[in-house]
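First up is the structure itself, then whatever we jot down about it.
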Amino acid sequence: MDNLISLVNKIQRACTALGDHGEASALPTLWDSLPAIAVVGGQSSGKSSVLESVVGKDFLPRGSGIVTRRPLVLQLHKIEEGGREYAEFLHLPRKRFTDFAAVRKEIQDETDRETGRTKQISSVPIHLSIYSPNVVNLTLIDLPGLTKVAVEGQPDSIVQDIENMVRSYIEKPNCIILAITPANQDLATSDAIKISREVDPTGERTFGVLTKIDLMDKGTDAVDMLEGRAYRLKYPWVGVVNRSQADINKNVDMIAARRREREYFSSTPEYKHLAHRMGSEHLAKMLSKQLEAVIKSKIPGIQSLISKTIAELEAELSRLGKPIAADEGGKLYSIMEICRSFDQIFKEHLDGVRPGGDKIYNVFDNQLPAALKRLQFDKQLSMENIRKRITEADGYQPHLIAPEQGYRHLIESSLTTVRGPAEASVDAVHSLLKDLVHKAISETLDLKQYPGLRVEVGNAAIDSLEKMREESKKAALQLVDMECGYLTVDFFRKIPQDVDKGGNPTHSIFDRYNDSYLRRIGTNVLSYVNMVCASLQHSIPKSIVYCQVREAKRGLLDHFFTELGKIEPKRLSSLLNEDPAIMERRSALAKRLELYRSAQAEIDAVAWSK
Ligand code: GDP
Ligand code: MG
């Protein structure tokens, strides 16, 4: 069974790996769906003996008369190499048997406990598990022998009861039937053949075993049987010579018994030509081959399960992002890369690849003009106000030709109010840019992974925006101040006739403050201020784009990068401290992936081997 054991070892390693995954319940069912091997046959036909030699261990009660009176479900469990062999009964949990003679005794005692010391049988199975490095995971079932008549102490129904019980085990499609027929009995009377033909008419899962060949009458032989002429099965018949009752009494061990069996077939003239396919060892090999075939048929299913899971694990790992580089240079590089991708996303928002940048244009196109409109210069230029400003500007000496000083004051005081909308536009764009930074941060996957870096990059970007806002405010206000500081001379030169009409120098000085004169001044100032406003409405956006939008696009993280060069290694690492939950998840996934990959390698090796 060496091949089978190594095959099973490989699959089992794969199973262990898969068992690590909660969802992969497909593998325990691999074992569930493996065939069980049941022995059927008449009383004392040698069932228990055959089972023992297949397992290669003495542990079953054997003898004449009805010995096996309860089904024995024997589960073989493969344990790690070097592990100590032991047996355990389901009815005696936690008691480990290392002495197999004691196991045999317990089977007898437990049989008696259920049936009493009578010849009765019971269909209640005894469950025995054997843990050994030298077995494969397999279930073997020893069944009570079929009888023809009830003997004393047995109820009349016993014949039918046993048959029903046996049938209930062997009718399952994944049960391999070892049909035991003693050679010293007429084949026509073989109970084993009768019942196995019933449940497996094509003989696909029936192995015919001929026992007690050594006990045949002198002058008769089993050649016709063994060559399949008497009764044909899919698999060739196997003849065995088990230990006789005398051998058992003398405690002849398994190894000696097998040697004798080999010698028997190779030295008996009738069987010499069949010797290569006779004996318990050959039977064990045949069974093991059959099991291999069954196991291998499950491999494609396992393979696809493994590769599906590997793909899932890889996908989740890549969603979680790469692990951090260990050295300082690598860390710096990672940070730069992450920042670059953040910067890229931020720019995409401004450039319209991603949404949000259009809101900035909305400030220039709607908010600023509306705010300028709301300034209502005409109120500022009420008759009263004009009169006040002009007389105040004149001081003790009323103006002679034109109220130069008054004009300036009126224009200046009107234009100063444009500072408000100019500042508001700067602030509005600033807050939009801030929104875009937050958006870009949350859209940069790698930043999710590193909360420390996320905060720092966010802060650095907002700080930069803040500085840009200050610069932009200065520039926008400067535009307004420039308009206050130097008036467009041409505008006033174009209205000399108005000056003549409104400020006719021939008028008496006291007429100079009359309503129509002042109204004219108001109209002139208003149209000048409106002209300037129209031009500011265009130049303020230019200034804002220049100082904030363009600058943010160009180097939002410039300052951060310069600082990064000076940063201490310790703080550098802390920037790349990952969310512990993510770190844990990644390392768990990576570990699982490794297990699965090795399982895949194991199973592939099995799949490609013959
Ligand atoms: P079971 O009732 O079918 O389980 O049969 P056992 O395995 O208990 O064997 C019944 C008796 O037949 C025991 O005394 C065995 O020693 C003996 N026996 C079984 N097989 C052979 C065999 O091939 N040759 C000889 N000489 N005795 C055997
Ligand atoms: Mg038996």
Computed on Cα atoms only, the convex hull of the stretch 522-578 has an orientation-averaged projected area in nm² of 6.6 nm²
Dipole of the chain [Lys/Arg +1, Asp/Glu -1 at C-beta], most positive-end residue of THR416, GLY352, TYR528:
GLY352
Cross-link partners of LYS347 among lysines (Cα-Cα below 23 Å; sequence separation of 8 or more within a chain)
LYS359, LYS434, LYS439, LYS448, LYS467, LYS473, LYS542, LYS553
In the chain, what percentage of the DSSP-assigned beta bridges are antiparallel, given to the nearest 5?
30 percent
Rounded to whole angstroms and listed largest first, the alpha-carbon spread of the chain along its three principal axes comes to 165, 51, 44
Projecting the Cα atoms of ALA393, PRO236, ALA293 onto the charge dipole of the chain, where Lys and Arg contribute +1 and Asp and Glu -1 at Cβ, the residue farthest towards the positive end is PRO236
Exposure proxy ranking, count of Cβ atoms within 10 Å, fewest first, for HIS538, HIS409:
HIS538, HIS409
Can you check what the net charge comes to around SER543, using other residues whose Cβ is under 15 Å from the Cβ of SER543 (Lys, Arg +1; Asp, Glu -1)?
-1
Under 21 Å from LYS57, Cα to Cα: lysines that are on another chain or at least 8 residues apart
LYS47, LYS78, LYS95, LYS105, LYS212, LYS250, LYS285, LYS289
For LEU92, LEU518, LEU274, order by how many other beta-carbon atoms lie within 10 Å, fewest first
LEU92, LEU274, LEU518
What's the local net charge at GLY458, with K and R +1, D and E -1, over the other residues with C-beta under 14 Å away?
-3
Counting only DSSP loop positions in the stretch 346-445, the trypsin sites (Lys or Arg not before Pro) whose Cβ has at most 16 other Cβ atoms within 10 Å are ARG374
What longest range of the chain stays clear of loop-exposed chymotrypsin sites (Phe, Trp or Tyr not before Pro) (DSSP non-H/G/I/E/B, at most 15 other C-beta within 10 angstrom)?
1-395
Where the only charges are on Cβ atoms (+1 Lys, Arg; -1 Asp, Glu), what is the dipole of the stretch 328-577 about its Cα centre, to the nearest 20 debye?
200 debye
Taking alpha-carbon centroids only, the stretch 74-132 lies from the stretch 167-198 a number of Å equal to 25 Å
Charge context of ARG258, other residues only, Cβ under 13 angstrom, K/R +1, D/E -1:
-1
Ranked by Cβ crowding within 10 angstrom, fewest neighbours first, how are MET383, MET225 ordered?
MET383, MET225
Counting only helical runs of four or more DSSP H residues, what would the 222 nm mean residue ellipticity of the chain come to if each run contributes -39,500 (n - 2.57) and the total is spread over all its residues?
-18500 deg cm²/dmol
Relative contact order, percent, of the chain when contacts are C-alpha pairs under 8 Å separated by at least 6 residues?
16 percent
What's the long-distance tail for the stretch 328-577, i.e. % of Cα pairs beyond 27 Å?
52 percent
How much of the calculated P(r) for the stretch 252-325 lies past 22 Å, in percent of all Cα pairs?
58 percent
The stretch 328-577 - percent relative contact order, Cα under 8 Å, separation 6 or more
33 percent
Where in the stretch 109-215 are there trypsin sites (Lys or Arg not before Pro) that are in a DSSP coil and have at most 14 other Cβ atoms within 10 angstrom of their Cβ?
ARG117, LYS148
Can you compute 3J(HN,Hα) from phi for each residue in the stretch 482-490, using the Karplus curve 6.51 cos²θ - 1.76 cosθ + 1.60 with θ = phi - 60°, rounded to whole Hz and x for Gly and Pro?
4, 5, 6, x, 8, 8, 6, 5, 3
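Every number in this text was worked out from the coordinates using simple rules, so none of it is lab data. It should be emphasised that the depicted structure is a prediction, and the values quoted were computed from it without experimental measurement. No Cβ is skipped: glycine too gets one built from the backbone with ideal geometry, and neighbour counts run over all protein chains shown.
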